[in-house]
Amino acid sequence: MADSMPTLADESVAVHFPNSSQAEDEQKASAGSETANSLSAPRDESAARPSAAEEPKVLVPRSQKLTLFFLAAGKTLTATTLRMLFPFAPELGRAVNVSLEAIALVITGHEVAYLLASSLTAFPLKAGYSNLTVCSVALAFAATGLLLIVALPRHIAVLAMGVPLLGVGKGISDVAIQGYITTNVFAEVQGTVTGAVEVSWGMASFVGLPIAGVLFAVAYRAPFACFAACQAVLCVCLALRRGGASTKHDVQTATPTTQQDSEEEPVVSWRALLLSKRGALGLIIPTFFLIAAAHIFFMLIGVWLEETHHMSTTEIGTTSLVVGVADVLGELTVARLGDRMGAHRLRNASYLCAVCLFFLFGLMCQAPLGLSLGAWFLCVLSFEVAFVSSLAMSSKEWPNSNGRAESAVFFAVGAGTIAGSLAGAPLWDLHPRLPGLHTAGLVAGGMTTIGCVCAFVGTRPPPPPPSSSK
């Protein structure tokens, strides 16, 4: 037995390891077949792909940031050309030798054009034109209106022709910009991006109005020429950005999150939007009353500073820094809290603050300049938070409305601006024993109260977040 054991061992060795290279070849062949099978078999993408915690999602790509910058710059210019009409209305009246009421009618022409343009912008978007194309054409309209005022003689009829073109450009561009955010930005950051773009209103007061005040001191046509050149440059920049994109509607290139949200809710018709409780009562009517109340003050702020505090044109432009800071803080507040707190909660809270502050500012109109400007700062802050959060609500409530929700909101903005501009000048001299701004504060506070009640009644609580488990 002992002698036979080595023999068996040798035989086993001889049986299993006579050709070691052949065994290695067989092992390699089997490994290759397993690799081929693994490549041909469908992969489990959820296992191969890193989790969201391991690979963070880029919500705003770098190229999109540049486009958003151009859009924000265009909105800053159109907001500046509108806002400079209000504090410098007495200066414009003296330049063309007309009264404040006549300038108010010119501003009303701007808002009528804004109203019509914003309500009709949904049609070219629905026809297939991209938001960037529409916005570029809008800036061309605004630049044309400014060039008319620069090139033609100084007359009220020239203002009556040029200023409505500014309204057309602003109305179209506002809807197109908000539509671009709705269809091209991830839903997780739409409130943040909306607040960041709406900082343009603050920049219009913080930067644009002081520049306009200095330019008005130099020459009557100087601010119009400067802003026309800037808008022409931005029009070219947006046309170049559009060159690499599809000319179809931006929904075709929307981000996955936005497409998913839009598939969950059907396309909203005009009838359904205007007759729904959360559309008319919760968003459109409150926006109208808020804008009307604010523009009563905007129409009278220049006259108030001139007559009550004896300020010059340059000094009025400097005091607009207060409005600019309030605008920027309000828009940054929405960008910071809009997605965390919820746009509807933030909007309703700011409406309550606006009601109290509008009444307070009217009562403090004869106070020292520092106190009255502080009250005006708080008014503008609450107004901006309420308005910008309303824009964020229109994007999230109707993600697949083909621009109709944005057009409806800006229609309310135009109608409210017309009502406020027309009511401002008569309210200044309405009561002989009361200061003009005191009467205006009572009316503005009452209008904001109506808007606040409608906002609370018509607000729909947001739906619960979808469960991550499938």
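The values are calculated or read from the model by the stated rules, or taken from the named source; none is laboratory data. Everything numeric in this text was worked out from a predicted model, so none of it was measured. Cβ placement follows ideal geometry from the backbone for every residue including glycine, while neighbour counts extend to all protein chains displayed. Ligands, DNA and RNA are stripped out before the accessible areas are found, and what is left, the full protein with its side chains, is counted by its heavy atoms. Shrake-Rupley method; radii C 1.70, N 1.55, O 1.52, S 1.80 Å.
Measuring with a 1.4 angstrom probe and ignoring ligands and nucleic acids, Phe411 comes out at about 90 Å² accessible. Neighbours of Leu234, meaning other residues whose beta-carbon lies under 12 angstrom from its beta-carbon, give a summed charge of +2 when Lys and Arg score +1 and Asp and Glu score -1.
Placing dummy labels 7 Å off each Cα toward the beta-carbon, the span from Leu329 to Ser63 is 4.0 nm.
Working note: Karplus 6.51/-1.76/1.60 with θ = phi - 60° gives region 282-287 the couplings x, 10, 6, 5, x, 5 Hz, where Gly and Pro are set to x. Over region 159-209, the hull volume per residue, using the convex hull of the C-alpha atoms, is 69 Å³. Out of all Cα-Cα pairs in region 139-226, roughly what percent, to the nearest whole number, are more than 16 Å apart? Value for region 139-226 (Cα pairs over 16 Å): 64 percent. Under 5 Å between amide hydrogens, built in the peptide plane, is the criterion, and for Leu85 it picks out nothing among residues at least 5 positions away or on other chains.
Ligands, DNA and RNA aside, Cys356 has an accessible area near 90 Å² when probed at 1.4 Å. Dividing the Cα radius of gyration of region 313-353 by 2.2 N^0.38 Å, with N the residue count, gives 1.51. Heavy-atom accessible area with a 1.4 Å probe sorts Thr439, Thr333, largest first, into Thr333, Thr439.
Between Arg154 and Leu116, full extension at 0.36 nm per residue minus the direct alpha carbon distance yields a gain of 11.0 nm. Rounded to the nearest Hz, the phi-derived 3J(HN,Hα) couplings of region 205-220 under the Karplus curve 6.51 cos²θ - 1.76 cosθ + 1.60 (θ = phi - 60°) are 7, 6, 10, x, 5, x, 5, 4, x, 5, 5, 4, 5, 7, 7, 5, where x marks glycine and proline. A probe of 1.4 angstrom, applied to the heavy atoms of all protein chains, finds His438 with accessible area near 40 square angstrom. Length gained on full extension, Leu240 to His310, computed as 0.36 nm times the residue gap minus the Cα-Cα distance: 20.5 nm. Relative contact order for region 112-184: 49 percent, from Cα pairs under 8 Å spaced at least 6 residues apart, divided by residue count.
The share of accessible area on region 105-238 that comes from carbon and sulfur is 82 percent, using a 1.4 angstrom probe. Each 10 Å bin from zero up to the one holding the largest Cα-Cα distance in region 79-165 carries the following percent of pairs: 16, 46, 26, 11, 1.
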